[in-house]
Structures are given as C-alpha cells and as structure tokens.
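Have a look at the structure below, then the notes.
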Amino acid sequence: GLFVLMAFLGLFRLGELLKLTRSDVPLPSDLLSSKQVCFVRIGQPKNRRISARREHVRLEDPMLIYLLELWLPRLSPTTRLFRMSYDNMRKYHNALVSFFGISTSDGVGLTPASHRGGGATWMFEQTGDLDLTRWRGRWAGPTSRTLEVYIQEVAAASVLPGLDVAHRQRVLSFAQAANDLWQELVNQLL
C-alpha cells in the first residue's frame, strides 16, 4: 500500500523506488524543519546520461509525510525501504489490482508503471499546471514529451467504467473505508 502511494504521489519510476534506502529520505524532523515536505534523493536516475546525474522527488502529501515520520526513524540509514524484487512487487501489485477486478495487462489495465502516469495525470488535474507536473515528474529535455503522452493515455484509459457491478461496489466500499484503513495503518506503526 505505501509503495503504491509513494509511486503515485511522488511520480516515481519503480526501479528508483525499489532502490531507496532510509538515508535517501531525509524527513522534515531529520532536517529540523517545520515544513511538511520531504525531498527524496534519487542517486542514479534513469535518464542520468542525458539529464541530471542526481534528482529528487518532492513529497508533500500531509498523510504520507505523517506515515513516513512514524515509520522511517525506526530504520537504519542503509535499510532499503521496500525489500522486495521487481518480480515480487509485480506479484503483489497484480494481486491487489485483480482483487478489484482490474486487468493487469498493459494497455487495458493497470501495471506497476501505471502509477507514475496516473500520478502525473492526477497532479495535472489538481493543478492545471503542465510545467509543474513536468518538473515534479522529472521529465526534461528529450523526455519532456513523455508527460503529455502519459496524460493523454491515462486520461483516456480509465478502468473504472469497465468494471462489473460487484467490483465497482468493492472499489466504493474500500473508498468509504479509507479513513478506517488509514487509522489502522497508523495504529500498526505506533
């Protein structure tokens, strides 16, 4: 769950997210900052040969920052945040998506990489600012057109209208239980 949330809100590439260690995520409390913003360091970004050699991801969702503040101080600096292989992450992702009756096939459903494009589309819908979305997603130079393609494709490929009644009800039930699920996660971290 936290993996998907970070992928979506941070517009992460999955390989980058899987490689993160505790030291890559300086928390506001680590920096003695009152601003509830977290700048996650990406040491080896995908496009480092044609763009910046190091990048950062800005996380500013208050609920996500709160969860990170509860969880990360317990970890040593070299501990990977998500100790799973890409194949295991894909297996967990597919189980979650399938639970809601959504295909895991590229082009018709949701793949793990869908969270980056979905997050970019959501951010653009929230802000209306293509340049801010481009900056946050770290699309620059030769890759800058990728963002427009993501937004066009994701916005046109919503999977919710194609769900049957039972799965639509399952999605609604989980949406209605979001606050309770959130509180349960916080309780587990406390």
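The values are calculated or read from the model by the stated rules, or taken from the named source; none is laboratory data. Because the structure is predicted, anything quoted here is derived from the model rather than measured. Cβ sites come from the backbone with ideal geometry, for glycine too, and all protein chains shown count toward neighbours. Heads up: the accessible areas ignore ligands, DNA and RNA and are worked out on the full protein's heavy atoms, side chains in. Shrake-Rupley method; radii C 1.70, N 1.55, O 1.52, S 1.80 Å.
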Read through the list (1) open to solvent by 60 Å² or more (accessible area, probe 1.4 Å); (2) in contact with a Phe, Trp or Tyr (Cβ under 8 Å, 6 or more places away or on another chain), then give the number of the only condition that THR146 fails. (1)
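Residue by residue, here is whether (1) open to solvent by 80 Å² or more (accessible area, probe 1.4 Å); (2) touching a residue at least 12 places away in the same chain (Cβ under 8 Å) holds:
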{"site": "PHE8", "(1), (2)": "no, yes"}
{"site": "THR21", "(1), (2)": "no, yes"}
{"site": "VAL25", "(1), (2)": "no, yes"}
{"site": "ASP30", "(1), (2)": "no, no"}
{"site": "PHE39", "(1), (2)": "yes, yes"}
{"site": "SER103", "(1), (2)": "no, yes"}
Taking the stretch 57-74 and keeping only residues that are open to solvent by less than 40 Å² (accessible area, probe 1.4 Å) and in contact with a helix residue (DSSP H, G or I) (Cβ under 7 Å, 6 or more places away or on another chain), one is left with VAL57, LEU59, LEU64, LEU67, LEU70, LEU72
Take the conditions under 17 Å from the mean Cα position of the chain (by Cα) and under 30 Å from ASP30 (Cβ atoms) and apply them to ARG80. Does it pass? yes
Which one of the conditions (1) touching a residue at least 24 places away in the same chain (Cβ under 8 Å); (2) open to solvent by 50 Å² or more (accessible area, probe 1.4 Å) does SER114 fail to meet, given that it meets all the rest? (2)
Open to solvent by less than 20 Å² (accessible area, probe 1.4 Å) and of a type outside the set (Gly, Ala, Ser): does that describe LEU132? no
